[in-house]
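Chemist: Dumping the structure here so I can ask a few things about it.
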Amino acid sequence: MKIVRHRTEWALFYDSEAEKLKNCLGGLAVDIQHVGSTAVPGLISKPIIDIAVAVTSRADITAIVKRLLAIGYIDRGDQGASGGYLMVKESEQNVRISISISWKKPIRNGGITSFSATACAGMLKLVKNTPD
């Protein structure tokens with residue numbers, strides 16, 4: 001998958017998918033956030049919309065997986081201590097949705113909001129050579 005320039009429609013795509021997730025998961029999801037590089041306006045990225053879903057208990061995972069499978073997600077399983085539980089969905093808009101389900105604590109910061117100066121400088125160099 002290639003890195004592309006930021007696309008404003010990613011935020012709209014997230015909003016639409018988050019609404020579907022809220023309707024699908026109901027009270028099982030205590031928080032849903034757009035995270036990762038596509039959540040940062042102007043930042044180049046792989047076209048993968050990363051969505052973090054916080055739940056109150058690991059015991060809810062079975063019910064959540066069943067509901068997400070019913071709306072087209074693929075079960076990628078437990079990713080271990082650092083990855084949560086992963087579900088993915090290929091979209092009709094050539095974008096992949098990746099959902100990480102975590103039962104440890106609610107999401108606080110609304111996704112990635114800052115990078116080190118070195119990381120930003122490196123990403124900006126890539127932008128110059130990134131096709132639209």
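Chemist: Condition first: farther than 17 Å from ASP31 by Cβ and under 16 Å from the mean Cα position of the chain (by Cα). Now tell me which residues in segment 46-64 satisfy that.
Modeler: Answer for segment 46-64, where residues must be farther than 17 Å from ASP31 by Cβ and under 16 Å from the mean Cα position of the chain (by Cα): LYS46, PRO47, ILE48.
Chemist: Among the residues of segment 40-82, which ones are assigned to a strand (DSSP E or B), buried (at least 17 other Cβ atoms within 10 Å of the Cβ) and aliphatic (A, V, I, L, M)? It would help to see each step written out before you state the result.
Modeler: Going residue by residue through segment 40-82, those that are assigned to a strand (DSSP E or B) are 45, 48-54, 74-78.
Filter once more, keeping what is buried (at least 17 other Cβ atoms within 10 Å of the Cβ): 45, 49-54.
Selection gives ILE49, ILE51, ALA52, VAL53, ALA54.
Chemist: Among (1) within 24 Å of GLY26 (Cβ to Cβ); (2) at pLDDT 90 or above; (3) touching a Ser or Thr at 6+ places or on another chain (Cβ under 6 Å), which single condition is LEU43 missing?
Modeler: (1)
Chemist: Is it the case that some residue within segment 20-33 is on the phi > 0 side of the Ramachandran plot and outside any loop (DSSP other than H, G, I, E, B)? Reasoning before the result, please.
Modeler: Quick first cut of segment 20-33, residues on the phi > 0 side of the Ramachandran plot only: 26.
So of that shortlist, the ones also outside any loop (DSSP other than H, G, I, E, B) come out as 26.
Yes, there is a match, as at least one residue in segment 20-33 is on the phi > 0 side of the Ramachandran plot and outside any loop (DSSP other than H, G, I, E, B).
Chemist: Within segment 8-30, how many residues are aromatic (Phe, Trp, Tyr) and touching a residue at least 60 places away in the same chain (Cβ under 8 Å)? Let's see the steps before the verdict.
Modeler: Going through segment 8-30, the residues aromatic (Phe, Trp, Tyr) turn out to be 10, 13-14.
Then drop every residue that is not touching a residue at least 60 places away in the same chain (Cβ under 8 Å), which leaves 10, 13.
So the answer is 2.
Chemist: Would you point out which residue out of ILE49, ILE112, ILE97 is modelled with pLDDT of 85 or more and of a type outside the set (Asp, Glu)?
Modeler: Working: ILE112 fails: modelled with pLDDT of 85 or more; ILE97 fails: modelled with pLDDT of 85 or more.
From the options ILE49, ILE112, ILE97, the qualifying one is ILE49.
The values are calculated or read from the model by the stated rules, or taken from the named source; none is laboratory data. Everything numeric here is computed off the predicted structure, so don't read it as measured data. Every residue, glycine as well, gets a Cβ built from its backbone with ideal geometry; the counts of neighbours run over all protein chains shown.
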